[in-house]
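Have a look at the structure below before the remarks.
We did not get these values from a lab; they are worked out from the coordinates using the rules stated. Everything quoted here is computed from the prediction, not taken from an experiment. Cβ placement follows ideal geometry from the backbone for every residue including glycine, while neighbour counts extend to all protein chains displayed.
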Amino acid sequence: MDYPIKVFEINSPDGDCIKMEILEVYGFPNGTSFRGGYDILCSLEINAEAYSIRSERYYSATGALYDFYVAMRNCYDKLNGKAIYKVFHAENDLEFEVNFDNGKVKVSGSYQDNPHVKNVLGFEFISDQSYFNEVLNDLKKIVLLFGDNKGKRK
């Protein structure tokens, strides 16, 4: 497998973004994680106005990406709804939601690099639905490669 693997890049017209790439996959294809799918090491970048983070050691799971993809696809198709990305890992924590409202999209959430230190980046930015076709295509590639919460490919 060639790394990095683009997971998604959610952008706004103002240059705000949240971007994730897979740097390593653990257990694939033989053993799934209790978090769902396979544990992954990612790079993570968040830019929202004057605030930003960049981490090369963000831990997640492909099951969380699968759930996020399914919710995003539903919201995108209906032009309405909320898709939530959340996976807690002992090393770090990222949680955000993407709210679709008839073409307008609000992305908001928080990132904490170390749960033992109270430094938390809260972020929010506004985008629109036209930015999400590529996001869904990228997430679909991840789902086709790593499968659902049990690592089963359809």
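Quick one: would you say L79 is aliphatic (A, V, I, L, M) and surrounded by 14 or more Cβ atoms within 10 Å (Cβ to Cβ)? No: the conditions fail for L79.
The residue of the stretch 64-90 that is nearest to Q129 (Cα to Cα), among those that are in a helix (DSSP H, G or I) and without any contact (Cβ under 8 Å) to a residue 12 or more places away in the chain, is D77. As a summary of the residue check, Y58 satisfies the conditions (1) part of a strand (DSSP E or B); (2) touching a Gly at 6+ places or on another chain (Cβ under 6 Å) except for the one numbered (2).
Kindly indicate whether any position in the stretch 32-44 is loosely packed, with under 14 Cβ neighbours inside 10 Å, in contact (Cβ under 8 Å) with a residue 24 or more places away in the chain and touching a strand residue (DSSP E or B) at 6+ places or on another chain (Cβ under 6 Å). So far as the stretch 32-44 goes, no, none of its residues is loosely packed, with under 14 Cβ neighbours inside 10 Å, in contact (Cβ under 8 Å) with a residue 24 or more places away in the chain and touching a strand residue (DSSP E or B) at 6+ places or on another chain (Cβ under 6 Å).
Taking the stretch 91-154 and the strands (runs of 3 or more DSSP E) fully enclosed by it, the elements with 3 or more residues that are closer than 26 Å to E24 by Cα are at 93-101, 104-112.
Restricting the stretch 1-28 to residues that are in a loop (DSSP other than H, G, I, E, B) and free of Cβ contacts under 8 Å to residues at least 60 places away in the same chain leaves a set whose member that is surrounded by the fewest Cβ atoms within 10 Å (Cβ to Cβ) is D2.
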